[in-house]
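The values are calculated or read from the model by the stated rules, or taken from the named source; none is laboratory data. Just so it is clear, the model here is predicted, and its values are computed rather than measured. Methodologically, a virtual Cβ is constructed for each residue, glycine included, from the backbone with ideal geometry; neighbour enumeration extends over all protein chains shown. The accessibility values were calculated without ligands, DNA or RNA, using every heavy atom of the protein model including side chains. Shrake-Rupley method; radii C 1.70, N 1.55, O 1.52, S 1.80 Å.
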Amino acid sequence: MQADQGVIASTIAQEQRSTRDARHDRLFGWLLKGCALLVLACLLGAAGSTLWGGREAFGTFGWGFLTSAEWNPTDDVYGALVPVAGTISTSLIALLIAVPVSFGIALYLSEVAPPWLRTPVSSAIELLAGIPSIIYGMWGLFIFVPFFSDHIKPWLISALGRESCDVHEAGNVSWVAQHVPFMGKMFCNENSFGGSVLTAGIVLAIMIIPFISSVMREVFQTVPTRLKESAYALGSSTWEVSWDIVLPYTRSAVIGGIFLGLGRALGETMAVTFIIGNKMKLSPSLLDPGASIASTIANQFGEAAGLQKSALMALAFLLFVVTFIVLLIARLMLRRLAHKEGR
Amino acid sequence: MSNTLYLRRRVANVAALGMSMFATLIGLAFLAWILWETLRQGISAINWNLFTKISVYREEGGLANAMVGSLIINFIGIAIATPIGVLAGAWLAEYANRTKLGESIRFLNDILLSAPSIVLGLFVYTIVVLPTTVLSDHTTSFTGLAGGIALALIALPVIVRTTDEMLRLVPSTLREAALSLGVPQWKLTTQILMRAARSGIVTGVLLALARISGETAPLLFTAFGNNFMTLNPLEKMPSLPQAIYEYTKDPDPAINAIAWAGAFVITMFVLILSLLSRLILSRNKVSHD
């Protein structure tokens, strides 16, 4: 019915209509393209505005900004080393914990668990990703950090580290610290506040597990069944199929998933701000408080002015560039598997 | 000999699968631990004052101004991000699918999706807060509007991505049928395809709302926070996540308890939203397959 009317109408005023439609189509296309280009503008703008805001700090300190560990608002001297080191070490700790756990979860959900259990368990794990980061921060500060100080920290110190960070001071030194270099320094205790680089890394690990495990689970399911079935037919065990068939087949996407988690961990702000202790001092001990780039900005930007504000902007620029590169690698790796599948 | 090899492989298999189950249990245990504490501490601190009184620093502890502020800021964020995001997603799916520019914007959108929110906050600080400070001669600096814009930047990639994906799920026979009747492309996109993908697009908006309603970092330097009730988006504006942030840092345990109550409210809101959108999404997928 409508189609008939459409045909009749178009024969009556065909010329007029087609030019009008063409004009509308062009306008609409431009409008849509403009909106899509805004995405590009956001990324460029975020990089550009932080670089512009940080020009004073970059200009004043040059390359020294990256290598200096001194952050002193009283003397107006700023170096990025402490927050950069804090960001890197918390993210690495998070990956060290999150990657094996996520692999375990993905393996369990794709190969081991009975089918009726898979959907509820995976939705539950994905719920972890939905919890706002400030809730992780509160939970970390009020619940996890005290728990860690009471139960895990003393054990870590007695098993892996030394009681005092000063080598010449008396105190118990564990067997591991005596025999493995740096272990004593990494696990020694000087602060009474429980928050530390290590606790921040652990909480970050919990936050990125759902991201990594859901990518891994998804790509594990893309492995062709005939590949797995052939391996089973040759007598492989479930573990051998997972480790020797599934993992190599999905390697690039698994690495992509890990980088995706890393990208999240690098930029995470609120949870880390609560837990890391925000101390602008470089310390080899993972049990000491530190600072990350994001936590430094969140903590200081409100009261900062002049060169300090510029230094914080410069930090944000560094963070943005590094995260961008990490996420770029992640997406490229994830795409590689999709291409292999012909998608 | 072969027997010990067989035994070793079996032991390795059982051990590895056992470890994988253990890893899953660890994940679930942390989820349960976090939710349980939020529930326990939050429910014990919830009372009527929370919803009727304003900030603890002005009256007997409440979060009313923070909740109102959050509603306004989130509304601004979604109101800005939804039209832009839906149109951009439509461009990716309908106009630029498989073109070079389209592919790269889709790719960059995925990166924006997990870009650090604090940097986006600083971006909005530079392009909105600083200019308003100069233009208004230092009478206006931080505004709820700036907070809304910052949240819009975070919501945008979520909406772009779901719209793009949902439109591409619409069967191409629908497009061909409409085009063969002489329907112009803009009418096809707005009146046929978007209608077909409506529930999916709504899901994207809900997901974006869930994502931004817990965001704190970008609000610190855009909306800034306020201890009074305000409905004017051109003033400093309080928000629930930021109130939680401040009350958590307070040394007074009574104030910390209010932070827990706020955390409870926000967690419930976010979880219900994401469950709801998941429900719509899964129903939608089934109907398309």
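Numerical summary
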| quantity | calculated |
| --- | --- |
| Nitroxide proxy distance, nm - points 7 Å out along Cα→Cβ at B:L275 and B:L101 | 4.4 |
| Stretch gain in nm, segment B:F22-B:R168, where the contour uses 0.36 nm per residue and the Cα spacing is subtracted | 48.7 nm |
| Highest-MSF residue in chain A out of A:G29, A:G194, A:G45 [GNM, Cα springs under 10 Å] | A:G29 |
| Highest-fluctuation residue, A:Q308, A:Q221, A:Q16 considered, GNM on chain A with Cα pairs under 10 Å | A:Q16 |
| Accessible surface, 1.4 Å probe, highest first, among residues A:I97, B:I43, B:I84, A:I209 | B:I43, A:I97, B:I84, A:I209 |
| Sum of side-chain charges, A:L262 neighbourhood, beta-carbon under 14 Å (Lys, Arg +1; Asp, Glu -1) | +1 |
| Solvent-accessible area, 1.4 Å probe, carbon plus sulfur percent, for chain B | 67 |
| Fraction of the pair-distance distribution of the range A:304-343 above 11 Å, Cα-Cα pairs, percent | 68 |
| GNM flexibility winner over chain A from A:W63, A:W30, A:W116 (Cα, springs under 10 Å) | A:W30 |
| Under 10 Å, Cβ to Cβ, from A:A106 - net charge with Lys/Arg +1 and Asp/Glu -1 | -1 |
| Whether the range A:160-292 is rounded, prolate or oblate, judged on the alpha carbon gyration tensor where a/c under 1.5 counts as rounded | oblate |
| C-alpha long axis of helix A:2-12 to longest principal axis of chain A, angle in ° | 60 |
| Helix A:81-107 vs. chain A, principal-axis angle (Cα, 0 to 90°, nearest 10) | 70 |
| Percent carbon-and-sulfur accessible area, the range A:65-342, ignoring ligands, DNA and RNA, probe 1.4 Å | 63 |
| Label-to-label distance, nm, for residues given as B:D250 and B:L7 (7 Å Cα→Cβ offset) | 6.5 |
| The range A:127-226: GluC sites (Glu not before Pro) in DSSP loop, at most 11 other beta carbons within 10 Å | A:E169 |
| Dimensionless Rg ratio for the range B:30-140, taking C-alpha atoms and the 2.2 N^0.38 Å reference | 1.58 |
| Within-11-Å neighbourhood charge of B:A90 [Cβ basis; K, R +1; D, E -1] | 0 |
| Shielding score for A:268-280, defined as the mean number of other chain Cβ atoms within 10 Å | 3 |
| Shape box of the range B:46-288 [Cα atoms, principal axes, largest first, Å] | 67, 43, 27 |
| Shielding by other protein chains, A:43-49, mean Cβ within 10 Å | 6 |
| R0 of 51 Å, Cβ-Cβ distance B:N232-A:H339: FRET efficiency to nearest 0.05 | 0.50 |
| Accessible area of A:H151 in the full protein assembly, 1.4 Å probe (Å², nearest 10) | 120 |
| Helix A:115-130 axis, angle to chain A major axis (alpha carbon atoms, nearest 10°) | 70 |
| Spin-label pair B:L181/A:E15, simplified geometry with 7 Å Cα→Cβ offset, distance in nm | 2.7 |
| nm² value of the averaged projected area, convex hull over the Cα atoms of chain A | 28.4 |
| Per-residue SASA entry for B:T4, accessible area with 1.4 Å probe, Å² rounded to 10 | 80 |
| List B:D252, A:D25, A:D150, ordered by accessible area with a 1.4 Å probe, largest first | A:D150, B:D252, A:D25 |
| Global geometry of the range A:86-226, whether rounded, prolate or oblate, following the gyration tensor of its Cα atoms and the 1.5 cut on a/c | prolate |
| Relative contact order, percent, chain B [alpha-carbon distance under 8 Å, six or more residues apart] | 26 |
| Chains A and B together, accessible area buried on both sides, 1.4 angstrom probe, square angstrom | 7100 |
| Solvent exposure of the protein assembly as shown as accessible area per residue, Å², 1.4 Å probe | 45 |
| Heavy atoms of A:E15: accessible area, 1.4 Å probe, square angstrom to 10 | 150 |
| Cut-off 18 Å (backbone N to label point 7 Å along Cα→Cβ of A:S68), residues of the range A:314-334 | A:314-318 |
| Cα-based equivalent ellipsoid of the protein assembly as shown: semi-axis lengths in Å, sorted from largest, via gyration tensor | 42, 35, 24 |
